[in-house]
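Novice: Pasting in a structure now, in structure tokens, and then I'll have a few things to ask.
Just so it is clear, none of the values below were taken in a lab; they were calculated from the coordinates. Keep in mind the model is a prediction, meaning the values are calculated, not measured. When we count neighbours, we look across all protein chains shown, and the Cβ atoms used for this are built from the backbone with ideal geometry, even at glycine.
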Amino acid sequence: METVAVAIVVVVVGVFGIALTFREARAKRRQVRKAVAGREPLTAQEFFERHFQADGIPFSVVSGVRRILEEHLDADLSRLAASDDFSTNLNFFWRYDSMADVEIVLALEKEFGIEIADAEAAAARTVRDIVGLVWSKKKQAELPAPEGRP
């Protein structure tokens, strides 16, 4: 009898957890739509051309950053702009996953073979900041070591 009661509690908690997850996902989608309202969706190529091509940042860096943001924020970011700011109009993401910022930094480091200091990550607030930081770090990582250093 006790085992049945425990099983019922586990099922009820599981169903409640699933319902809460769906509700949060729906709320997050609404907030994303609100944050980017009125913008047209852009392909990765269009996003690059509109926001970063003139800066000389390679497509692979821009598209890689955008892909990582989409994966770790679990959101459609096709209406994203370079000026979108994770400390203002996109700060709601952290309410849904407080560790997403750490996961994003780790994924960027792995994807691009770079290291990002905590202070650098904290200072990168906009999409443009993040792309610029990754590009700067990637360029540094590709520089040949000075003579006499490995």
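Novice: Using a Debye calculation, one point per C-alpha and no hydration shell, please list log10 I(q)/I(0) for the stretch 90-150 at q = 0.22 Å⁻¹ in order.
Specialist: -0.93
Novice: Still on this model: Identify all lysines with a Cα-Cα distance to residue 137 below 23 Å; exclude those on the same chain that are fewer than 8 residues away in sequence.
Specialist: Reachable lysines: 110.
Novice: A follow-up question, please. Bin width 5 Å, alpha-carbon pairs only: give the P(r) of the stretch 2-142 as whole percents, running from 0 to the bin holding the largest distance.
Specialist: Pairs per bin, as whole percents: 2, 9, 17, 20, 17, 12, 7, 5, 4, 3, 2, 1, 0, 0.
Novice: Any idea what the relative contact order of the stretch 25-150 is, in percent, if you count C-alpha pairs under 8 Å spaced at least 6 apart? Please list the in-between numbers first.
Specialist: Values: 100 pairs, mean separation 33.3, N = 126.
Computed value for the stretch 25-150: 26 percent relative contact order.
Novice: So if I place +1 on the C-beta of Lys and Arg and -1 on the C-beta of Asp and Glu, and nothing else carries charge, what would the dipole magnitude of the stretch 2-142 be about its Cα centre? I want it in debye, nearest 20. Don't jump to the answer; show the numbers that get you there.
Specialist: Numbers: 19 positive and 22 negative charges, 125 e Å.
The calculated dipole for the stretch 2-142 is roughly 600 debye.
Novice: Given H placed 1.01 Å from N in the peptide plane, which residues other than close sequence neighbours of residue 85 have an amide H under 5 Å from its amide H?
Specialist: 90
Novice: Still on this model: Would you mind calculating the gained length between residue 39 and residue 53 on full extension (0.36 nm times residue separation, minus the Cα-Cα distance), in nm to one decimal? If you can, show how the numbers build up before the last one.
Specialist: Numbers: separation 14, 0.36 × 14 = 5.04 nm, distance 1.94 nm.
Extending this stretch completely gives an extra 3.1 nm.
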